[in-house]
Amino acid sequence: MPADAATFPAWVTAIAWTSLVIGFACAAWVWLDVRRRPQRMSVMNVVWPVNMLFGGILWLLVYLRIGRSARRGDDRPPRRRSMPEAVAVSTNHCGAGCTLGDIVGEFLLVLVPVLAVLTGYGWLFQERIFAVWVWDFVFAFAIGIAFQYFAIVPMRGLGFRDGLKAAVTADAASISAWQVGMYGTMAIAQFLLAPLWFGGMIPVLTPEFWFAMQVAMIAGFCTSYPVNWLLIRAGVKERM
């Protein structure tokens, strides 16, 4: 652990572990639930469990209210979602890609630290965290666009090239808005709160880091929500 790493009291660690365990438990429950109640849009069978990782009980309640499908064999048409509900589902769809991308990026840079040099550490950024965030964004964007591709292509009946173009058009702004909220919150945690309260920055391989990421992902949802609203209103994104 680096010399400037934060030192956390036991109660902070306990809160972090509790939040992470709740997130994983909610993700596991929803993963099993969508096996029994598959989503009409198949990519949402991945989106909902992934979002439980940061949203926990609050997001589980959202899923039960506006996301849960009928059981297999029940052919009744689903209830039409209100605009705020439709935007929330669309934002969660965007957020799942961002969440997975950030997880992949953070752990990849732990396993292969030299990759940070490729994105500016030591020659563009003095703080390694900024070089890591470049990778986070690359993976979040790639996975988020892939999720949007598999959502928009079946709805519009598009080929590969047109589908990819439509996915980028639909989700580029919302993914970027999500990452802005996530980066902003993590910057406050890493450069202000953790040094002030705990004496240093939060190492990646700690429960406190991933607890902070849970909070940052909720912030990302908040910054991406209005962007998704505008995109749906403009007809750039499909109403989900």
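The values are calculated or read from the model by the stated rules, or taken from the named source; none is laboratory data. In this text, all values refer to a predicted model and were calculated from it rather than measured experimentally. Counting neighbours? That spans all protein chains shown, and the Cβs are built from the backbone with ideal geometry, glycine included. Heads up: the accessible areas ignore ligands, DNA and RNA and are worked out on the full protein's heavy atoms, side chains in. Shrake-Rupley method; radii C 1.70, N 1.55, O 1.52, S 1.80 Å.
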When you look at Phe147, is it in a helix (DSSP H, G or I), within 30 Å of Arg233 (Cα to Cα) and open to solvent by less than 40 Å² (accessible area, probe 1.4 Å), yes or no? yes
Scanning the range 35-66 for residues that are β-branched (Val, Ile, Thr) and surrounded by fewer than 21 Cβ atoms within 10 Å (Cβ to Cβ) gives Val43, Val46, Ile57, Val62, Ile66
query = Given the structure, is Thr169 within 27 Å of Tyr63 (Cα to Cα) and open to solvent by 20 Å² or more (accessible area, probe 1.4 Å)?
reply = yes
Residue pairs within 6 Å by beta carbon, gap of at least six or interchain, first lying in the range 215-240 and of a type in the set (Asp, Glu), second in a helix (DSSP H, G or I), listed first then second, are Glu238/Met155
Residue pairs within 7 Å by beta carbon, gap of at least six or interchain, first lying in the range 93-122 and closer than 16 Å to Gly144 by Cβ and open to solvent by 10 Å² or more (accessible area, probe 1.4 Å), second of a type in the set (S, T, N, Q) and not in a helix (DSSP H, G or I), listed first then second, are none
Within the range 1-11, is there a residue that is in a helix (DSSP H, G or I), within 23 Å of Val215 (Cβ to Cβ) and at pLDDT 95 or above? yes
Might you let me know whether the range 67-84 holds any residue that is without any contact (Cβ under 8 Å) to a residue 24 or more places away in the chain, aliphatic (A, V, I, L, M) and either open to solvent by 80 Å² or more (accessible area, probe 1.4 Å) or not in a loop (DSSP other than H, G, I, E, B) (or both)? no
So, first residue within 16 Å of Gly95 (Cα to Cα) in the range 176-196, second residue acidic (Asp, Glu) and surrounded by 15 or more Cβ atoms within 10 Å (Cβ to Cβ), Cβ within less than 7 Å, six or more apart or across chains; the pairs are Met182/Asp102
Screening Ala189, Ala194, Ala177 for residues that are surrounded by 19 or more Cβ atoms within 10 Å (Cβ to Cβ), in a helix (DSSP H, G or I) and in contact with a strand residue (DSSP E or B) (Cβ under 7 Å, 6 or more places away or on another chain) leaves only Ala194
Query raised in the report: Taking the condition under 16 Å from Tyr183 (Cα atoms) and out of contact with any strand residue (DSSP E or B) (no Cβ under 8 Å at 6 or more places or on another chain), does Glu106 pass?
Result: yes
